[in-house]
Amino acid sequence: MIDWNRVEELRREIGEGGFAEVLDLFWDEVESILDRLSNQSAPQLEADLHFLKGSAWNLGFTGFGAHCQHGEKMAAQGLAADVDPELVTRQYRITKHAFLAGLEPSGQIGNRVA
């Protein structure tokens, strides 16, 4: 799920150019973290999921953020081995696809599919 109101608010706050830069940085950072999720200690997994959660929620990616929060809580409770990196990655890809599908070619928010 995507909070399109948050997306629009952020765009207004930082402008189109700033928003594009934030998105590029977010995609790069998330994908870098996802690449290493399965080979981490519990504290690092918890920290990375915390970072992903905050970044996702800041951009309005509520579903992905909630999924990261769940994994973060599991890691904090000593259940890091039960956090499935593939599920986190899948939720990210679903969110990214829904976000990009919700943009018109002009970059304006149009068809809101999530």
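Every number here is computed from the coordinates shown, using simple stated rules; none is lab data. For clarity, every value in this text was computed on a predicted model and none was experimentally measured. Glycine gets a Cβ as well: all are built from the backbone with ideal geometry, and neighbour counts include every protein chain shown.
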Computed over the chain: longest principal axis from alpha-carbon atoms vs helix 85-101 long axis, angle to nearest 10 degrees, is 0
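Can you put W4, W57 in order of Cβ neighbours within 10 angstrom, beginning with the fewest? Don't jump to the answer; show the numbers that get you there.
On the way: W4 14, W57 17.
Placing the least packed residue first, the sequence is W4, W57.
What value does segment 4-101 have for Rg/Rh, both radii from Cα atoms and Rh as Kirkwood defines it? Walk me through the numbers on the way to the answer.
Working: Rg = 13.6 Å, Rh = 13.7 Å.
So for segment 4-101, dividing Rg by the Kirkwood Rh gives 1.00.
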Rounded to the nearest 10, the angle in degrees between the Cα long axis of helix 62-76 and the longest principal axis of the Cα atoms of the chain comes to 20
Per the charge dipole of segment 4-101 (beta-carbon charges, Lys/Arg positive, Asp/Glu negative, Cα centre), the residue among H70, P85, Q40 reaching farthest to the positive end is H70
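In percent, how large is the relative contact order of the chain, given Cα pairs closer than 8 Å and 6 or more residues apart? All intermediate terms of the calculation are to be shown ahead of the outcome.
On the way: 115 pairs, mean separation 31.9, N = 114.
Result for the chain is 28 percent.
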Spelling it out for L103: with amide H atoms placed in the peptide plane at 1.01 Å from N, the residues 5 or more places away or on another chain with amide H under 5 Å from its amide H are G110
Sequence order, segment 29-45: Karplus ³J(HN,Hα) from phi using 6.51 cos²θ - 1.76 cosθ + 1.60, θ = phi - 60°, Hz rounded, Gly and Pro as x, gives 5, 4, 5, 5, 5, 4, 5, 10, 4, 6, 10, 10, 6, 4, x, 5, 4
Whole-Hz Karplus couplings 3J(HN,Hα) for segment 20-27, θ = phi - 60° and coefficients 6.51, -1.76, 1.60, Gly and Pro as x, run 4, 5, 4, 4, 4, 5, 4, 4
